[in-house]
Amino acid sequence: MKRWLPWLLKGALSAGLIWFVFRKVDLASAWSQAKTLDPLMLVLALALALFQVWLGAVRWWLVLRALKASFTATQALVVYYIGVFFSIVLPGAIGGDAVRMWQARRSGLSLAASVNSVMLERAATVLGLVLLVAATQPLLLARVPTIPGSWVFPLLSALGVVGILVLSLLDRLPDSLNHLRLVRGLMHLASDTRALFFRPVWGGSTLAVAIFGHVNLALQVYVLAVGLGLDISVVDCLVLVPPVILIMTLPISIAGWGVRETAMVAAFGYIGTEPHSALVLSVLFGLTCTAGALPGGLVWLLSGVRAQVREGEQG
């Protein structure tokens, strides 16, 4: 029951949000809109989805390099792609991260490097997203002056920086606690945090790739909007898509379904996009991201992981 409860709760939330959005939308109009999609723009969106996987692997590899982990770029791409695949078949992105940690450990990394590199890559990704949203907020306010909560993202940016500083100080815990395994792990995490974020060559490049990855997702939505003939500019996508992605990072649904649709219908509604058009755009965005992640399953099948699992079970 404990194993299935997260699936049930997140599945129920995804289903409930999808039902809520669909009942507010003219589905006949949505289907008519979907049929107008330009196939060339769909192919370009799929290419951007595959490029997004490569950017994520580069981001993680930079973290591994900062931690002096013995992992090649090819290994990083293979293991990262497997994690991306499992992030769409397991509840939330956390499942994919856990698989990535496990496979990195199987591939020769130490347990500390496997866990810390994934945690710090995830932290850099979220921090880059928050910084991008805060940086583009003036454009958003110029486009939608009445949008609520304009103070949220600057505050989140400050909290993100403070959070990194807190992580870097975890090895300042009292020496009397050093006998605890958890405390030793936190001390190692603090050292790795400084190795990444306190060295501009690694921290800066990792954040730059993270920010560019979020811009790439916005471009993916823009390409789909062009393919649907929607009156949505690239600036609109640049300022509206990152907040949607930030909401999707919450591990409360199955692969973001339902949360993404609700957020995109609301966000693009501020610039006058019809609900049925925003819904079609969101669903196509989700499908192209899923299509980009699916080859990770083939990578998993060909990487020898299944054999390792069987050996572990027999052992």
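A short reminder: the numbers here are calculations on the coordinates, not readings from a lab. Please read these numbers as outputs of a predicted model, since none were measured by experiment. Neighbour counts are summed over all protein chains in view; Cβ atoms, including those assigned to glycine, are modelled from backbone coordinates with ideal geometry.
Taking Lys and Arg as +1 and Asp and Glu as -1, the other residues whose beta-carbon sits under 14 Å from that of V84 total +1. When exposed loop sites are taken as chymotrypsin sites (Phe, Trp or Tyr not before Pro) in a DSSP loop with at most 13 other Cβ atoms within 10 Å, the longest stretch of the chain clear of them is 5-150. What is the angle, in °, between the Cα long axis of helix 305-314 and the longest principal axis of the Cα atoms in the chain? Nearest 10 is fine, range 0 to 90. Relative to the chain, helix 305-314 is tipped by roughly 50 degrees. The charge dipole of segment 35-314, taken about the Cα centre with unit charges on the Cβ atoms of Lys, Arg (+1) and Asp, Glu (-1), comes to about 760 debye, rounded to the nearest 20.
For the pair segment 129-171 / segment 218-284, the C-alpha centres are spaced 20 Å from each other. Approximating the spin labels as points 7 Å out from Cα along Cα→Cβ, the S70-to-R143 distance works out to 4.8 nm. For the chain, the residue among G185, L139, G96 whose Cα projects farthest onto the positive side of the dipole built from Cβ charges is G185. If the segment from A47 to L111 were pulled out straight at 0.36 nm per residue, it would be longer than the present Cα-Cα gap by 19.7 nm. Each stretch of four or more DSSP H residues adds -39500 (n - 2.57); spread over every residue of the chain, this sum gives -26000 deg cm²/dmol at 222 nm.
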